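Where a number appears in this text, it was derived from the coordinates with a stated rule and is not lab data. Predicted, not measured: the structure shown is a model, and the values here were computed from it. Here the Cβ positions follow ideal geometry from the backbone for every residue, glycine too, while neighbour counts run over all protein chains shown.
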Amino acid sequence: MWNLREEILSSSFNNQVDVTELDTTAVESLRGQILAKFASGLSSWPVWIWEHLPDTAILVFDEGWGIIAEFASDSPTVLLLNPRDESAGFMFPSGQSAKIVLADCIGFEVYFTDTEVTYLLIHNHHDRVIGCGQAKVWMEQCFPEFL
């Protein structure tokens, strides 16, 4: 079994990217806000969250995890992982820095948001990029021919 937390921390060290690991309370708070805002108020995180998101934009992109560099290029972004794989969460100084770190990691599902939970941007194991909130609006503007 892999250790995604160590993958991220090792890659951030090797790439000299300043990443902050969030405490459990912060991660659970963000997950709860995501559920309330984008998943019709589910009370717990399902195995496949994207199956419970009623208002999304979806495109197929095999390196979709890197799209965060375009969407939140210079903005701080939070990386959450599928809780069945890893409960940790991380704050990156920018979407670009998150892309640098993930480029050196094994492939896994990623969930990006910001501290205000204005968006949810997912790259899942089916190579689907799924956007909610501001990410959905951005995807519809930038990739209308692929949606």
- Task: Classify region 97-147 as rounded, prolate or oblate, taking a ≥ b ≥ c as the square roots of the eigenvalues of its Cα gyration tensor: rounded when a/c is under 1.5, otherwise prolate if a/b is larger than b/c and oblate if not.
- Result: oblate
- V110's amide H: which non-local residues (gap 5+, or another chain) put their own amide H closer than 5 Å, with H modeled 1.01 Å from N in plane and none for Pro or chain starts? H123
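Placing +1 at every Lys and Arg Cβ and -1 at every Asp and Glu Cβ, with all other atoms neutral, what dipole size does region 10-138 have around its Cα centre, in debye to the nearest 20?
On the way: 6 positive and 17 negative charges, 61 e Å.
Dipole size: approximately 300 debye.
So if a site counts as exposed when it's one of the GluC sites (Glu not before Pro), its DSSP state isn't H, G, I, E or B, and it has at most 13 other Cβ atoms within 10 Å, what's the longest stretch of the chain without one?
On the way: sites that count: E63, E116, E145.
Here the longest run is 1-62.
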- Query: What is the distance, in nm, between label points placed 7 Å from the Cα along the Cα-to-Cβ direction at Q141 and at D55?
  - Reply: 1.7 nm
- Note on the structure: Here the net charge surrounding P76, from other residues whose Cβ is less than 13 Å away from its Cβ (Lys, Arg +1; Asp, Glu -1), is -4
- Just add up the charged neighbours of S10: K/R +1, D/E -1, any other residue whose Cβ is under 13 Å from the Cβ of S10. -3
- For region 72-138, listing trypsin sites (Lys or Arg not before Pro) in a DSSP loop whose Cβ sees at most 13 other Cβ atoms within 10 Å gives R84
- Item | Cα centroid separation - region 89-147 against region 5-77, whole Å | 7 Å
- Given the convex hull over the Cα atoms of the chain, what projected area results after averaging over all orientations, in nm²? 7.9 nm²
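Compute the length gained on full extension between W48 and S29: take 0.36 nm times their separation in residues and subtract their Cα-Cα distance, giving the result in nm to one decimal.
Working: separation 19, 0.36 × 19 = 6.84 nm, distance 1.87 nm.
Computed gain between W48 and S29 is 5.0 nm.
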- Low-density loop cleavage sites - chymotrypsin sites (Phe, Trp or Tyr not before Pro) in region 99-147, where at most 14 other Cβ are within 10 Å (DSSP): F146
